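What follows is a set of notes on a single structure, which appears directly below.
What follows is calculated from the coordinates using simple rules that are stated; it is not laboratory data. As the structure is a computational prediction, the values presented were derived from the model and not from experiment. Glycine also receives a Cβ, built like all others from the backbone with ideal geometry; neighbour counts cover every protein chain displayed.
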Amino acid sequence: MKLLLDQNLSRKLVKRIGRVFPGSAHVVSSGFSIADDNEVWAYARRRGFAIVTKDADFSTRSLSKGFPPKIVWLRIGNVATKHIEAILKARAKDIQRFGKDKKSGCLVIYG
């Protein structure tokens, strides 16, 4: 499953999770440094990404618009990039399973 990391996550994560989630990208390196949520949503949908975010906005959008794209909502507060990396890697099987689930549009991860 390819992940598109939202602006509120470090760009360094793309390289750090690359083996577990090949093809992943960050919104800034994808050309969306000043994009609004609509543009990011449409891009993720077209390119087959799941959006990883710490914001509730995409979760809310998923409820109203459905999916794709799928949303991985990290409810983890203000933590170090290393901690986010560890969470994504530890929950990789859950995230992959979620990617194949035809009924779920948002996976909430607490950490």
Legend entry - Under 15 Å from the A42 label point (7 Å along Cα→beta-carbon), backbone N, the range 59-100: 69
Inset, instruction - Would you mind telling me which residue in D36, D57, D94 has the biggest mean-square fluctuation in a Gaussian network model of the chain, where springs connect alpha carbons within a distance under 10 angstrom? - result: D36
Inset, instruction - Per DSSP H run of at least 4 residues, take -39500 (n - 2.57); add these up for the chain, divide by its residues and hand me the 222 nm value, nearest 500 deg cm²/dmol. - result: -11000 deg cm²/dmol
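Would you kindly give the portion of the calculated P(r) for the chain that falls above 21 Å, as a percent of all Cα pairs?
The share of Cα pairs beyond 21 Å in the chain comes to 26 percent.
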Inset, instruction - Quick one: which residues, 5 or more positions from H26 or on another chain, have an amide H under 5 Å from its amide H? H modelled 1.01 Å from N in the peptide plane, none for Pro or chain starts. - result: L5
Legend entry - Label-point separation, D94 to N8 (7 Å along Cα→Cβ), nm: 1.8
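Say R0 is 25 Å: what FRET efficiency, to the nearest 0.05, do T81 and K103 get from their beta-carbon distance?
0.20
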Inset, instruction - Name the residue farthest towards the positive end of the dipole of the range 2-110 from the options Y110, G23, Q7, assuming +1 on Cβ of Lys and Arg, -1 on Cβ of Asp and Glu, about the Cα centre. - result: G23
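Can you give the local net charge around D57? Use residues other than it whose beta-carbon is closer than 14 angstrom to its beta-carbon, Lys and Arg +1, Asp and Glu -1.
Around D57, the surrounding residues sum to -1.
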Legend entry - Loop trypsin sites (Lys or Arg not before Pro), the range 1-66, which have at most 12 other Cβ atoms in a 10 Å radius of their Cβ (DSSP): R19
Inset, instruction - Report Rg (one decimal) and Dmax (nearest whole number) for the range 56-101, counting Cα atoms only, units Å. - result: 12.1, 32
